[in-house]
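What follows is calculated from the coordinates using simple rules that are stated; it is not laboratory data. Nothing here was measured: the structure is a model prediction, and the numbers come from that model. Reconstructed Cβ throughout: ideal geometry from the backbone, glycine too, with neighbour counts over all protein chains shown.
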Amino acid sequence: MQKKDSEGTLVAVMVDEESRAKQKAIQEDEKVIPTEPTPIWNVAHRGASGHAPEHTLEGYRMGGTMLGDFIEVDLQMTKDGVLVAMHDERVDRTTNGTGLVKDFTLKELKKLDAGSWFNDLYPEKAQPHYVGLTIPTLEEVIEEFGTDERYYIEIKEPGIYPGMEKELIRILEKYKLIGKDPKESHVLVQSFSPESLQKLHELNSIVPLVQLFTYYGDIGTITEEELREIDKYAIGIGANHNGIDEKYVRQVVDAGLMMHPYTVNTKEDMRKVINWGVTGMFTNFPDLLRDVLKEYEEAS
Ligand code: G3P
Ligand code: CA
């Protein structure tokens, strides 16, 4: 995926047929990917959610099989205070139930079918064993995939779940997933809420944090001062790939922060953000990213 120039600096190389013209430009430009020694991280967004029901053990397992470096887990909290893997505040889209997660006890939530919706929506990808899949708790995910796996956890809706940060840190400490060096840590925690991230740091000063942003309309911009502020508590930034550009990515990476765009689902977009210099990305198709990274590797 990368090669070293005469000074030992990592440079990006394009390989693919359809991007041959781009390849030439990049080689001429010798763009530096300032990620050494960290490779470009392949984050299985909600699991391999382009292939299997999101936030189920099946989806997470597939993410690992497809060589995802991280399982991404969004968190909501039940009425009885249990952290569960779920993207939405409501159960309606991804289960056969209706209502807010916060109004369900874990026992009630476990009765819901979290797989059939996927078969209905994507008949071409449907599998009989997806029927009846249940919503996993965070602890069940960790127990299933172990402490050698890497988890990229998102605190969702911290405003409606008091105590969510404390419970998360309790679990991460229990399983000894937190490492000071983000390259070694078995967990990163991301949130759109800087307040929630700060709260996490008050509870555990070394848990590696990622600040999320969404940019609509115009391409997002970020000032040097904002980057300095983020650098005080976070090791990286996540942002929607269609809301940022190369300048944004370069600024973030040059500030010493990781840059992880979401949710990058086509090979074309994967190559685009790699060439911008990202240090990883979220994708529903970790198999596609695996193939793109292989192209780069073979060209190095
Ligand atoms: O965490 C990056 C990305 O997952 C944020 O978007 O809505 O898919 O959680 P969302
Ligand atoms: Ca997420």
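Given the pairs LYS110/LYS176; LYS79/LYS156; LYS174/LYS199, which span a C-alpha to C-alpha distance of over 22 angstrom in this model? In this structure, LYS110/LYS176 lie more than 22 Å apart at Cα. Residue-wise HN-Hα couplings along the stretch 77-88, as the Karplus relation 6.51 cos²θ - 1.76 cosθ + 1.60 with θ = phi - 60° gives them from phi, are 10, 7, 4, 9, x, 9, 7, 10, 7, 6, 7, 8 Hz; Gly and Pro carry x.
Below 15 angstrom from the Cβ of VAL43, what's the summed charge of the other residues (Lys, Arg +1; Asp, Glu -1)? Could the numbers behind the result be given before it?
Details: positive: ARG46, ARG150, LYS183, ARG290; negative: GLU54, ASP69, GLU72, ASP74, GLU149, GLU154, ASP269, ASP287.
Once all neighbours under 15 Å are counted, the net charge is -4.
With the convex hull constructed from alpha-carbon coordinates only, the stretch 189-292 shows a mean projected area of 6.6 nm² over all directions. If you sort the three axes of the alpha carbon gyration tensor as a ≥ b ≥ c, you get a/c of 1.5 or more for the stretch 17-299 and a/b no higher than b/c, which makes it oblate.
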